Amino acid sequence: MARLKLHNSLTRGKQDFEPIDPSHIRIYACGPTVYSYAHIGNARMAVVFDVLSNVLRTLYPRVTYVSNITDIDDKIIAASQKTGETIDVITKKYADIYNADMRSLGVQAPDIQPRATDHIPHMIALIEELIENNHAYAADGHVLFDVPSFPAYGGLSGRNRDEQIAGARVEVASYKKDPADFVLWKPSTDNEPRWDSPWGFGRPGWHIECSAMAAEHLGLPFDIHGGGADLKFPHHENEIAQSCCAHGDKEDLSSFAKYWVHNGFVTVNGEKMSKSLGNVTLAHDLVKDHAGETLRLTLLFAHYRQPLDWTEKSITQSKKTLDRLYQNLRDVADVTADDTAEFPPSVMDALCDDLNTPKAIAALLALAKEAVETQSPALKAQIIAAGNVLGLLRQNPEEWLGYAVSDDSVDATKIEYLLQQRTEARTNNDYARSDEIRDELTAMGIAIEDTAEGTLWKKI
RNA sequence: GGCGCGGUGGCAGAGAGGCUAUGCAGCGGAUUGCAACUCCGUGUACACCAGUUCGACUCUGGUCCGUGCCUCCA
């Protein structure tokens, strides 16, 4: 069986994946902060880690994939103040929309989807531990992580402290002992969300929730920690600092998570898509206009660490590629899949090579072509199995291609009538009439195919 | 300023020290009344300049260009 290799941000290289416990793989990916709709960049992360967890599941007997919802954050508070909706309403609304949109993209729900606000006691306990270990200090109702107490700080993002402080746009609050210190806990006013704590009523800082939830649901150290590339600094760097200083080895950054996997950005016109730039394309809008599977393939068409430029053209191409695959599947409709066939090695090799989805898709296309040529039961099963891991080809080919229409968006009776008229015209060599009918059908959004067994129609 | 990533055929996008993915589009052909569907065939592409090598698109150094991070960000 192929050996999984992953690019580990911690070591900046591709390396063999050596599980901490081969009988149980544990993976955590930073999920969304729910104050607005997810954009396609957020979706990329969800799709990438969905595929990664699928790959792990085919390789190992047990996998626990945790991806959180952050439902306490200053941006949520700001959204609440702006819209007048309560925090609970906002976070529930956008968490539900996020999950629904991701489901449309074929993303399976993570095994565990913890919410930050369900883990305040865990965070407080973690902070207390850091204070006890002299890695954090309370000041002015805040608790701050003492960065100089952790000399290994900066190892993930590869920056040393002296360099980054010079010229960095760090606002140094008066209560900070060191400019790089970051907030673990901060005071809340009466109209902000607040929890009682040893340091007064307040709320957690941005990074502590992931440290607390990962430890709670996976235990330390765990195998893989993931997220978008922009989380590397400061979010993941700070998670490592908190977790290593509280529970792990202060010399060993991998004592929190062994492998760090970061997906690249989705860009628009070559520029990063981000909420702050305002050039976002929302997953929620895209799923209205395109099949989720098409969007998913578009995201998988580039290697996960490469930037991906989001264009209508790329969506069209994915759609056509899926059409081809479904067409191939339709061409082996009469073949009974041989479910004892092994997972296709060419696809697995590609996926095991640092999740090379473009290569895996190419391998899948080759398999599909071969399956049609050979009408092989084993190949058919392999296509379906590969599709499943990629989260593709889960639909009925007839329906995908429009040969079977389950809704009443077309008038089948009328189409059949017109086709009958056309067949008659053709029999009489009345091709003018025949073409006229075809034009009429085209105008109705119906394409026709003349085959030896008669004329087929499909919705386009 | 510091750290990082990338420049591959018309487009998208893998890959690799010599065996030149894949998809889409284009072109030619088969099939068709004409189409559509399908099938077959078809493209000396690796930013630039040096170097290493028998041989580099792939390694090394430099140049140019693009882009990302440096406490809002997937």
Original post:
Could you list, bin by bin from short to long, the percent of Cα-Cα pairs of chain A in 10 Å steps?
Top reply: 4, 18, 25, 23, 14, 8, 5, 2, 1, 0
**OP:** Please work out how much length the chain gains when fully extended from A:Glu312 to A:Ala333, using 0.36 nm per residue of separation minus the C-alpha to C-alpha distance, in nm with one decimal.
**Re:** 4.5 nm
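Just rank A:Thr117, A:Thr33, A:Thr455, fewest to most, by other beta-carbon atoms within 10 angstrom.
Result, fewest neighbours first: A:Thr455, A:Thr117, A:Thr33.
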Subject >> Calculated FRET value between A:Lys275 and A:Asp323, using beta carbons and R₀ = 45 Å, to 0.05 >> reply: 0.85
Original post:
Given the Cα-Cα distance of A:Thr455 and A:Arg159 and 0.36 nm per residue of separation, how much length would full extension add, in nm?
Top reply: 100.0 nm
Subject >> All lysines inside 16 Å of A:Lys359 as judged from Cα atoms, apart from same-chain residues fewer than 8 positions distant >> reply: A:Lys5, A:Lys369
Subject >> Computed Kirkwood radius, in angstrom, where 1/r is averaged over Cα pairs of the range A:172-299 >> reply: 17.7 Å
Original post:
When every alpha-carbon pair in the range A:412-459 is counted, what percent end up more than 16 Å apart?
Top reply: 28 percent
Subject >> Helix-derived mean residue ellipticity, 222 nm - over chain A, DSSP H n ≥ 4, -39500 (n - 2.57), to 500 >> reply: -13500 deg cm²/dmol
Original post:
Between A:Glu440 and A:Leu365, what is the label-to-label distance in nm when each label sits 7 Å out along the Cα-to-Cβ direction?
Top reply: 3.9 nm
**OP:** Please identify every one of the GluC sites (Glu not before Pro) in the range A:39-134 that sits in a loop by DSSP and has no more than 14 other beta carbons within 10 Å of its own beta carbon.
**Re:** A:Glu85
Original post:
Can you give the percent of C-alpha pairs in the range A:46-124 whose distance is more than 19 Å?
Top reply: 48 percent
Original post:
Which FRET efficiency value, to the nearest 0.05, do you get for A:Ala173 and A:Arg194 by plugging their Cβ-Cβ distance into 1/(1 + (r/R0)^6) with R0 = 25 Å?
Top reply: 0.80
Original post:
So which helices of chain A fit the span-like rule, where a helix is a whole DSSP H run, its Cα atoms reach 27 Å or more along the axis, and its mean Kyte-Doolittle is at least 0.5?
Top reply: A:40-59
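Here, each number is a calculation from the coordinates, and none is a lab measurement. Every value quoted in this text rests on a predicted model; they were computed, and no experiment measured them. In this analysis, Cβ positions are derived from the backbone assuming ideal geometry, glycine residues included, and neighbour counts consider all displayed protein chains.
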